[in-house]
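Comments concern the structure below.
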Amino acid sequence: VQLQASGGGLVQAGGSLRLSCAASGRTDRTAAMGWFRQPPGKEREVVAAIRLHDSSTYYTTSVKGRFTISREGAKNMMYLQMNSLKPEDTAVYYCAATYYAGPRYYEGREYGYWGQGTLVTVSS
């Protein structure tokens, strides 16, 4: 599976951005997809994930109510709508895909396919 993330940029606090992830290749075996981020000087963390067979979603606590993950299967696209952005949301955002559909579908270690990342900068 090849993944291409886009949509990052510079936005003021309180603003919105929508990230997109285009998937290609052996997408028929994809069981879950997720957005992860790596803030400057920090470790990578999960932001949101979606399991495809039941559309269950996971959000890390800090983005609940502000971010929405969605997928457009027919187009092999995944999105992350980010509203009410905060400076602490500043990070490189990565989309990822996995063939794993178990209960830990939101854990980064389960993901084997990663996009190149897109930078989101939120100014105060």
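For residues that are part of a helix (DSSP H, G or I) and modelled with pLDDT under 95, tally how many sit in the range 88-124. I'd like the intermediate steps shown before the answer.
Let us first name the residues in the range 88-124 that are part of a helix (DSSP H, G or I), namely 88-89, 108-110.
Next, only the ones that are modelled with pLDDT under 95 stay: none.
Of the residues in that region, 0 qualify.
Is it the case that some residue within the range 95-115 is charged (D, E, K, R), in contact with a helix residue (DSSP H, G or I) (Cβ under 6 Å, 6 or more places away or on another chain) and farther than 17 Å from residue 20 by Cα?
To start, the set of residues in the range 95-115 that are charged (D, E, K, R) comprises 104, 107, 109-110.
With in contact with a helix residue (DSSP H, G or I) (Cβ under 6 Å, 6 or more places away or on another chain) added as a condition, the list becomes 104.
After this cut, where a residue has to be farther than 17 Å from residue 20 by Cα as well, the list is 104.
For the range 95-115, residues charged (D, E, K, R), in contact with a helix residue (DSSP H, G or I) (Cβ under 6 Å, 6 or more places away or on another chain) and farther than 17 Å from residue 20 by Cα: present.
Search the range 50-78 for residues that are free of Cβ contacts under 8 Å to residues at least 24 places away in the same chain and assigned to a loop (DSSP other than H, G, I, E, B) and pair each with any residue that is acidic (Asp, Glu) and open to solvent by 40 Å² or more (accessible area, probe 1.4 Å) when their beta-carbon atoms are under 7 Å apart and the residues are at least 6 apart or on different chains.
So the pair list comes out as 60/45.
Out of everything in the range 69-124 that is within 15 Å of the chain's Cα centre (by Cα) and acidic (Asp, Glu), what residue ends up being farthest from residue 14 (Cα to Cα)?
110
Restricting attention to the range 47-87, which residues are open to solvent by 60 Å² or more (accessible area, probe 1.4 Å), of a type in the set (Lys, Arg) and at pLDDT 95 or above?
Within the range 47-87, 64, 71, 86 meet the criteria.
Looking at the structure I just gave you, is residue 34 surrounded by fewer than 21 Cβ atoms within 10 Å (Cβ to Cβ) and not in a helix (DSSP H, G or I)? Give the steps one after another, and end with the answer.
Numbers: surrounded by fewer than 21 Cβ atoms within 10 Å (Cβ to Cβ): no; not in a helix (DSSP H, G or I): yes.
Against the criterion (surrounded by fewer than 21 Cβ atoms within 10 Å (Cβ to Cβ) and not in a helix (DSSP H, G or I)), residue 34 does not qualify.
Spot the failing condition for residue 73; the list is (1) small (Gly, Ala, Ser); (2) within 17 Å of residue 111 (Cα to Cα); (3) out of contact with any Lys or Arg (no Cβ under 8 Å at 6 or more places or on another chain), and only one is missed.
Just one mismatch for residue 73, condition (2).
Go through the residues of the range 14-23 one by one and say whether even a single one is closer than 15 Å to residue 88 by Cβ and open to solvent by 50 Å² or more (accessible area, probe 1.4 Å). First the steps, then the outcome.
Step one: filter the range 14-23 for residues closer than 15 Å to residue 88 by Cβ, giving 14-15, 17.
Narrowing further to those that are open to solvent by 50 Å² or more (accessible area, probe 1.4 Å): 14.
Checked against the condition, which is being closer than 15 Å to residue 88 by Cβ and open to solvent by 50 Å² or more (accessible area, probe 1.4 Å), the range 14-23 yields at least one hit.
Could you tell me whether the range 104-112 includes any residue that is open to solvent by less than 20 Å² (accessible area, probe 1.4 Å) and either aromatic (Phe, Trp, Tyr) or within 16 Å of residue 4 (Cα to Cα) (or both)?
yes
The values are calculated or read from the model by the stated rules, or taken from the named source; none is laboratory data. Since the model is a prediction, treat every value here as computed from it, not as a measurement. Counting neighbours? That spans all protein chains shown, and the Cβs are built from the backbone with ideal geometry, glycine included. Surface areas here come from the heavy atoms of the whole protein model, side chains and all, with no ligands, DNA or RNA. Shrake-Rupley method; radii C 1.70, N 1.55, O 1.52, S 1.80 Å.
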